[in-house]
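A short reminder: the numbers here are calculations on the coordinates, not readings from a lab. It should be emphasised that the depicted structure is a prediction, and the values quoted were computed from it without experimental measurement. We place every Cβ from the backbone using ideal geometry, glycine too, and count neighbours over all the protein chains shown.
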Amino acid sequence: MNSKETKYQPEKVWSGRFKKATDSLMERFNQSIAFDIRLWRADVQVNLAWAKALAKIGVFSPDELRRILEGLRKIHDEFEKNEFVVLPSDEDIHSAVERRLTEITGSAGARIHTGRSRNDQVATDVRLFCLEALGELFAALHSLQRTVVQNAEQHIDCIMPGYTHLQQAQPLLFSHYLLSLFFCLQRDKERLADCKSRVESLPLGSGALAGSAFAIDREFLARELGFSQVSENSVDAVSDRDFILELINALAIFQIHLSRYCEDFIIWSSAEFGFIELDDAWSTGSSMMPQKKNPDSLELIRGKTARVIGNQTQLHCLMKGLPLTYAKDLQEDKESLFDSIDTAFDCIAVFDGALSSMKINSDMMRQKLDEQLFATDIADYLVKKGLPFRESHRVVANLVRRSIETGQRFSEMPLAEYRQASALFENDVFSIFNWQNSINLRNVDGGTGIASVKKHLIRARQLLKAVETF
Ligand code: ARG
């Protein structure tokens, strides 16, 4: 059929004003039902609350309200049982639910859209969806933190080389390294909680842009739908998508966190490092090279981080330069949001699985510790004997050069050689060359010393107990 001859479809919620039918390509282009069907639960909930609010001002008689609520519950069941039939004329989830409600309840259903617009409806639906996702994301991060703490506790004594510039820098407790992820995740949770405080502002009652002309009890709506406040400006309420940006920003930061730890673990799982070995369950092989065991789980988390950052960019571009209030561009806010949430959930679960099952090869970590990592401790030794740090740095740098030239480790160099570099060196310099001691020089709060790490493990456990969810 030629697109110009598309049959007139009077059942569209807005078709009354039009003489001609929508072009069939435009019809498809305009539809969001394929993806916003995910909002069905929120949309039914919003309809339930709205129907009650309308009944309070006499739009529905008690009997009509009863039929409307029954109809909405029926629609809820149809969706839940996967029996809801989407018609080609259903432009989006809002028009689909209204169409079905009118089919079930007749003239009562035809009054459900009194005093509201899809503009305040969609903003409310998406906020409800985000509130649910935020709670689940918070809980998922919380359980990942638990895995991190358990792993840190199991390997409390394991010493590894710490890196800056991917060059060995100073020894670290592996547990200290892992706890750094715990605190990243703590900030991620805080960002979600902060985001939530602004998501729970109710736009419903804002109408298309100017506010509903019906004396709707918005406080009642907020209570019904679990929002903590009502929006204060209808223009802002239907235009605002900050809450989506905030959520996706928080997810992008979270993904970047995971991606960096994945990168470390990928490097550490190589033969060159051999610090960790991923469990078979979280690795894959090669179709060609029979010996291969690849860290695909971690690589995919790193790869999917790009996708969330891409979604984040799309949403920022979407909003920039958009005139107030509503424009159809805003329909494009959903797919990136859904995709980012889905991706984050998958990545949390995969990372949790990979981390909790990976083998930590503490012997190899220790074996790879280069005695050059004592250099700072030697410099600090001289400082404690009174030498200004800048001078002791120079003295030890000479010793480093000497050790490279002669191939002698610090612990093998004779005292005479130390004394040649500085008369402040005494026999006790050799007590420096013990990894445990080096670690325990750093019991400053937040440092890698065992006492400090144990203290922060307790702190982590307390944080885990304090807020399980929000
Ligand atoms: N499907 C639309 C969206 O996702 C719903 C709002 C439509 N509003 C309108 N004025 N056409 O944004």
## Note on the structure
One would report the Cα pair-distance distribution of the chain, bin width 10 Å, in %, as 4, 16, 20, 18, 14, 11, 8, 5, 3, 1, 0
### Query
Direction-averaged shadow area of the convex hull around the Cα atoms of the stretch 12-116, nm²?
6.8
### Expected 222 nm ellipticity per residue - DSSP helices of 4 or more, -39500 (n - 2.57), all of the chain, to 500
-19500 deg cm²/dmol
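Run the numbers on the stretch 14-137 and let me know its relative contact order in percent, using alpha-carbon pairs under 8 Å that are six or more apart. Kindly include the intermediate steps, with their values, before the conclusion.
Values: 91 pairs, mean separation 40.8, N = 124.
Computed over the stretch 14-137, the figure is 33 percent.
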#### Entry: Percent RCO, i.e. relative contact order, over the chain, from Cα pairs under 8 Å lying at least 6 residues apart
15
### Task
Report the local net charge at PHE60: Lys and Arg +1, Asp and Glu -1, summed over other residues whose C-beta lies under 13 Å from its C-beta.
+2
### Task
Return PHE79, PHE470 ranked ascending by Cβ neighbour count within 10 Å, so the fewest neighbours appear first.
PHE470, PHE79
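How would you rank ILE37, ILE244, going from fewest to most other Cβ atoms within 10 Å of each one's own Cβ?
Ordered by Cβ neighbours within 10 Å, fewest first: ILE37, ILE244.
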### Query
Once fully extended, how much extra length lies between GLN229 and LEU324, figured as 0.36 nm per residue of separation less the alpha-carbon to alpha-carbon distance?
32.0 nm
### Message
Let me spell out the model: positive unit charges on the Cβ of Lys and Arg, negative unit charges on the Cβ of Asp and Glu, origin at the Cα centre of the chain. What dipole size does that give, in debye rounded to 20?
### Response
560
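Could you order peptides 251-259, 182-190 by the average number of other Cβ atoms within 10 Å of their residues, highest first? Write out the running numbers ahead of the final one.
On the way: 251-259: 21.2, 182-190: 18.4.
Those peptides, ordered most packed to least, come out 251-259, 182-190.
Given 10 °C and 1.306 mPa s, how large is the Stokes-Einstein diffusion coefficient of the stretch 335-378 in µm²/s, with Rh as the Kirkwood radius over Cα pairs?
113
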### Query
How far apart, in nm, are the 7 Å Cα→Cβ label points at ARG419 and SER357?
6.0
#### Entry: Packing rank of 446-452, 202-208, 267-273, where each peptide gets the mean count of other beta carbons within 10 Å, highest leading
202-208, 446-452, 267-273
### Task
Could you work out how far helix 296-319 tilts from the main Cα principal axis of the chain, as a 0 to 90 degree angle to the nearest 10?
50
### Message
Sequence gap at least 6, Cα distance under 8 Å: using those rules, report the relative contact order of the stretch 201-246 to the nearest whole percent.
### Response
48
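Could you please rank CYS317, CYS158, CYS347, placing first whichever residue has the fewest other Cβ atoms within 10 Å of its Cβ?
So the residues, fewest neighbours to most, are CYS317, CYS158, CYS347.
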### Options ASN82, LEU101, ASN361, ranked by Cα towards positive dipole end of the chain, top entry (Cβ charges)
LEU101
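Grab the beta carbon distance between HIS165 and VAL467, set R0 = 45 Å, and tell me the FRET efficiency rounded to 0.05. Let's see the in-between values first.
Working: r = 37 Å, r/R0 = 0.81.
In this case the efficiency is close to 0.80.
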### Message
A 30 angstrom limit on the alpha carbon distance is what I want to check against. Which of LYS12/LYS52; LYS359/LYS384; LYS52/LYS465; LYS19/LYS81; LYS189/LYS304 exceed it?
### Response
LYS359/LYS384; LYS52/LYS465; LYS19/LYS81
### Query
Roughly speaking, what is the stretch gain from LYS20 to ASP380, that is 0.36 nm per residue apart minus the C-alpha to C-alpha distance, in nm to one decimal?
121.2 nm
